[in-house]
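Single-structure report; data block below.
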Amino acid sequence: MLFRVSSLETAGRRNGGVFKGKQKVDFKLNISILNPQLPWLEAIASLSGACSLGALFLRRKPRSLQARKDYVEKKFRQFKEENFPETHDITVKQLLNFQKEGKTKFILIDVRSKKERDVSIIPGALSPHDFEANRDHYEDGHTTVAYCTAGYRSGLYAKKLQENNMPVFNLVGGVIAWALEGQIFTDSDGECRRVHVYNKNWDLLSKEYEAVW
């Protein structure tokens, strides 16, 4: 993966010499393979002030609730377009409306790891193992919805089920979107607002929730 950074102010060493103060550099950074022969490599360790590595690689997290919702949905749409464009999806609001109407029975499948599920799940969700062990029981009269942190892993799972002629929806934004709509989770002790968000970059939850990674 290549990142291109233009007009980056930095201090450090280049071509055996020391930068005098701050200078502008223009370079490409391959985060998979760092070539020690490249003259700018040593400068990475001493990026100045606002141009830290965090600022270099990570976008600033959206602050407002709506901005966070928009960001999560945008990332989901990117995941879908690039990896599972043929899958069907459902938003949290759509799911909640259907559940409120009570006309459709839903089976939720939490495709995250056991470690993540042990923190909390969307109420009533099954693991893929439990679902597949009783698949015949759920195929008739139920609508299946898969979810994960933000929709990537569940999209791949939904794709696999669809390829095996199993109707399934992928939950847009996963547990992040569920939390951003103010919904409750459950753990072994009952209702909770503690959520495993996979890693720090997905900590987009409001202050009412405790993010774990």
Give a residue-ordered list of calculated ³J(HN,Hα) values for the stretch 169-183 (Karplus: 6.51 cos²θ - 1.76 cosθ + 1.60, θ = phi - 60°; whole Hz; x for Gly, Pro).
10, 9, 6, 4, x, x, 5, 5, 5, 4, 5, 5, 8, x, 8
Rounded to whole angstrom, the alpha-carbon centroid of the stretch 90-109 lies from that of the stretch 125-173 at a distance of 14
Amide H contacts of Thr143 (H built 1.01 Å from N, under 5 Å, at least 5 apart or other chain):
Lys105, Phe106, Ile107
Given H placed 1.01 Å from N in the peptide plane, which residues other than close sequence neighbours of Val212 have an amide H under 5 Å from its amide H?
Val195, His196, Val197
Short version: ³J(HN,Hα) in whole Hz for each residue of the stretch 81-88, in order, from phi by Karplus 6.51 cos²θ - 1.76 cosθ + 1.60 (θ = phi - 60°), x for Gly and Pro, what are they?
4, 8, 10, 8, x, 8, 6, 8
hull vol. (C-alpha, convex hull) per residue for the stretch 174-213, Å³ -> 65
Which pairs break 29 Å Cα to Cα here: Lys69/Lys114; Lys105/Lys200; Lys61/Lys100; Lys80/Lys200; Lys105/Lys207; Lys75/Lys103?
Lys105/Lys200; Lys61/Lys100; Lys105/Lys207; Lys75/Lys103
Computed over the stretch 65-212, the ratio Rg/Rh where both radii use C-alpha atoms and Rh is Kirkwood:
0.94
So, with points 7 Å from each Cα along the Cβ direction, the Gln183-Thr104 label distance in nm works out to 1.2
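Here, each number is a calculation from the coordinates, and none is a lab measurement. Keep in mind the model is a prediction, meaning the values are calculated, not measured. Cβ sites come from the backbone with ideal geometry, for glycine too, and all protein chains shown count toward neighbours.
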